[in-house]
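Input: a single structure, listed below in structure tokens.
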Amino acid sequence: MIRIHHLENSRSQRILWLLEELALPYEVVRYERDPETMLAPDALRTIHPLGKSPVLEEDGIIVAETGAIIEYIIDTHGGGRLKPPAGTAEARAWTYWMHYAEGSAMLPLLLKLIFQRMPQNANPLMRPLVKGVSSRAEAGFVDPRIREHVEYWESALAETGWFAGAEFTAADIIMSFPLEAAADRAGAGAYRNISDFLQRVHARPAYAAALERGGPYAYA
């Protein structure tokens, strides 16, 4: 039995979605964030030293990091599903997006979230100053970087509507979170191809089933 250590309102929701797409049996061990810090609980550190989610357990094997978990599941249980044939241009695109999603795509979105929250967490007397600094950082650096990525996604989706060929694959699963986050934080939902992509993936039965297993999902 596959066991997924799943943190509420986190990127680990994609792993549950993948397992639902493949119709694989699995167990969910849910963890709740600290209501003040929004950090993961220390209990996750008993599974992985960094205390991050998701973490997969199966037959004594422990795999962390979303991309690595997806590749493990596809290679071990996929049976050729949700990944293009090896050696094809689509397979190379699949590998690229698998690494890009958690590498290049997430950094500016994380910075956006940090700068948005900085004024809220500042001392009330310092809040106007902190807000001014964070607003300038967003406008001068973060927002332009996010816009570059959003326009890149819009272009990448133009031909087929998917990221790695003409069919839905695990590359679309891992890329869903950056697009959801950018739609929520940076107006990416105004782009037609991105909006259409999100509507298609949100309509998939496996996506809905994963939400039922994982609980509430907020990517803001």
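Annotations for the structure displayed:
- Listed by first and then second residue, the pairs with beta-carbon distance under 6 Å, at least 6 apart or on different chains, first residue in the stretch 102-125 and within 16 Å of Glu36 (Cα to Cα), second charged (D, E, K, R), are Pro119/Arg127; Pro119/Lys131.
- First in the stretch 20-47 and closer than 18 Å to Ile70 by Cβ and modelled with pLDDT of 90 or more, second anywhere and in a loop (DSSP other than H, G, I, E, B) and of a type in the set (Lys, Arg), Cβ under 9 Å, 6 or more apart: Glu20/Arg204; Glu21/Arg81; Glu21/Arg204; Leu22/Arg81
- Residues that are more than 17 Å from the chain's Cα centre (by Cα), loosely packed, with under 13 Cβ neighbours inside 10 Å, not in a helix (DSSP H, G or I) and not polar (S, T, N, Q) within the stretch 82-123 comprise Pro85, Ala86, Gly87, listed in sequence order.
- Residues in the stretch 188-199 that are open to solvent by 40 Å² or more (accessible area, probe 1.4 Å) and either over 12 Å from Glu154 (Cα atoms) or among the hydroxyl-bearing types (Ser, Thr, Tyr) (or both): Tyr191, Gln199.
- Extreme residue, nearest to Ile61 (Cα to Cα), among residues of the stretch 5-47 that are in contact with a Gly (Cβ under 7 Å, 6 or more places away or on another chain), open to solvent by less than 80 Å² (accessible area, probe 1.4 Å) and assigned to a helix (DSSP H, G or I): Leu44
- Condition met for Thr37 (out of contact with any helix residue (DSSP H, G or I) (no Cβ under 8 Å at 6 or more places or on another chain), over 21 Å from Ala181 (Cα atoms) and polar (S, T, N, Q)): no
- Residue within the stretch 161-176 that is in a helix (DSSP H, G or I), open to solvent by 50 Å² or more (accessible area, probe 1.4 Å), among the acidic types (Asp, Glu) and closer than 23 Å to Glu90 by Cα present: no
- Matching residues, the stretch 143-175, being among the hydroxyl-bearing types (Ser, Thr, Tyr) and in contact (Cβ under 8 Å) with a residue 60 or more places away in the chain: Thr169
The values are calculated or read from the model by the stated rules, or taken from the named source; none is laboratory data. These numbers come from a predicted model, not from an experiment. FYI the Cβ positions are ideal-geometry reconstructions off the backbone, even for glycines, and counts take in every protein chain you see. To get the accessible areas, we keep the full protein, side chains included, count just its heavy atoms, and leave off ligands, DNA and RNA. Shrake-Rupley method; radii C 1.70, N 1.55, O 1.52, S 1.80 Å.
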